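Accompanying notes for the structure given below.
The values are calculated or read from the model by the stated rules, or taken from the named source; none is laboratory data. Remember, predicted model here, so these are calculated numbers, not experimental data. With ideal geometry, Cβ positions are generated from the backbone for all residues, glycine too; neighbour counts draw on all protein chains shown. These area figures cover heavy atoms from the full protein model, side chains too; ligands, DNA and RNA do not enter into them. Shrake-Rupley method; radii C 1.70, N 1.55, O 1.52, S 1.80 Å.
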Amino acid sequence: MALFQFRKEFRRFKAQKWATDWNSRWFRIKQGGDSTRESNTSKINESSRTVTAVVLLRNAAPLGPDELLPRLHGLRQVHVLLAVFLPFAIATLYLMRRPRSVYLVDYACCRPKSNCRVSIASFIESARLSPYIDDGTFHFMTRMLQRSGLGDQTYLHPSLHHIPPHCCLSESRDEAEQIIFATVDDLLAKTGISPAAIDILVTNCSGFTPTPSFTDIIVNKYKLRGDIRNVNMSGMGCSAGVISLDVARSLLQAAPRGAHALVVSMEVLSTSRAKSRLRLTHIVRTLNAAKDRAYLCASLKEDEHGETGIYLSKDLVPVAGETLKANIAALGSVVLPPSEKLLFALSFIARKALGRRIKLYVPDFHMAFEHFCVHSGGRAVIDAVQTSLCLSDENVEPSRMTLHRFGNTSSSSLWYELAYIEAKGRMRKGDRVWMVGFGSGFKCNSAVWECIRSPSDVTTLGAPWADSIHQYPVKI
């Protein structure tokens, strides 16, 4: 016991002596009294000074104010400069390099005039009288229309009401200008943004590519600035709307803060949160064009008579399913909660170990999103997505009702579906929206939005559902 007490006192004596020696050395470095220590200090590099400063600060912690202030006065100015301005510089650099958030200021959807409406019965009668459609093609079209999910209030341009239809370049340009100008006018009126305040313009259209391009047409019509950054995309199919969002987001990252991007089909994006309605949180794009089976499943071709049309192969549905699964896997890794990721991982491991007898767990995307906007490319497309993701009828209601009311509006269908959700009063602040679109190539693209401001008036000028929302949903 005595020996243990002696060792304890000896260790305490050594610790006190070491602290005294260290403090003595510290004061000699500060005061410069020891020439040998000054010589060694002049040779140490910048990293050693930093380590010394950290050790000194740790040793200064138990000191009182009377002892700490004289020692702080003895620090070199470079240490003070590093301690004050270096964290500030690092924080500034981080904020400058961090991607800026992109917000949706507002969007607009075209609602054509009532004289453009075509019922299914009228369309079938026109097809029967067309000299270009034989009996076999007519019966096939009739069966397809009966199962398509389309209603009797969809639209066609007046040039297509004739028998036979007037299909020419001037009519196509007139149709495009009617839709674009009416929608852009509506959008600018709702946002109050001047055309001169638009910094970026992105357009997309797969079926019609005029010269001058759509961006040139819009710049000429609204007299946009000469330094506007513009991108015109074509051939991207029905998923081009999400691709346009990705292009606009990338351009906004390089533009000054508060810049505005006009995307046709049809929304205004900005890096300013003020007056914005939605925040863009994620974009995930999947392309399978490297596989011939996916590349050829949807394409523009001529038949044996030289007539141009869209060719859809029998591989379209399975290819779309494979591409959707790849897109979901990439999106789920960033939006799903850890519990859902764990369940999926466990089912995947079990499937690998026990074979195909174990079914893969389908994550519950209701835990990540409150609303779903699935491209209304057809009844079969909506059915397949609903089954794959275990969605309810209410989840896909916006897609089915958009198809019934407006038909397949290609890349802009997602915005008609978002307008349906808002017209029904279902959107709340904090809600998350998943938009998923499909396109030729084959592509599957997803965009995720977060509502930061609930819509104050769903019957504003140009709202596409203003005159018919009370009639929906309907049973199809």
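Below, the figures for the structure above:
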read-out	value
Prolate/oblate/rounded call for the stretch 279-471, Cα gyration tensor, a/c under 1.5 rounded	oblate
Simple Cβ-charge dipole of the stretch 279-471, Lys/Arg +1 and Asp/Glu -1, about Cα centre, in debye nearest 20	880
Sparsely packed chymotrypsin sites (Phe, Trp or Tyr not before Pro) within the stretch 174-253, loop by DSSP, other Cβ within 10 Å at most 15	Phe208
Protein-only accessible surface order, largest first, of Phe406, Phe88 at 1.4 Å	Phe88, Phe406
By average C-beta atoms within 10 angstrom, highest first, the peptides 433-443, 135-145, 249-259	433-443, 249-259, 135-145
Mean accessible surface per residue for the stretch 279-471, computed with a 1.4 Å probe while every protein chain stays in place, in Å²	49
Listed pairs Lys325/Lys443; Lys341/Lys429; Lys221/Lys443; Lys221/Lys301; Lys275/Lys429 exceeding 23 Å between Cα atoms	Lys341/Lys429; Lys221/Lys443; Lys221/Lys301
Accessible-area composition of the stretch 210-323, carbon plus sulfur, in percent [1.4 Å probe]	53
Rounded Å value of the spacing that divides the Cα centres of the stretch 138-203 and the stretch 328-354	41
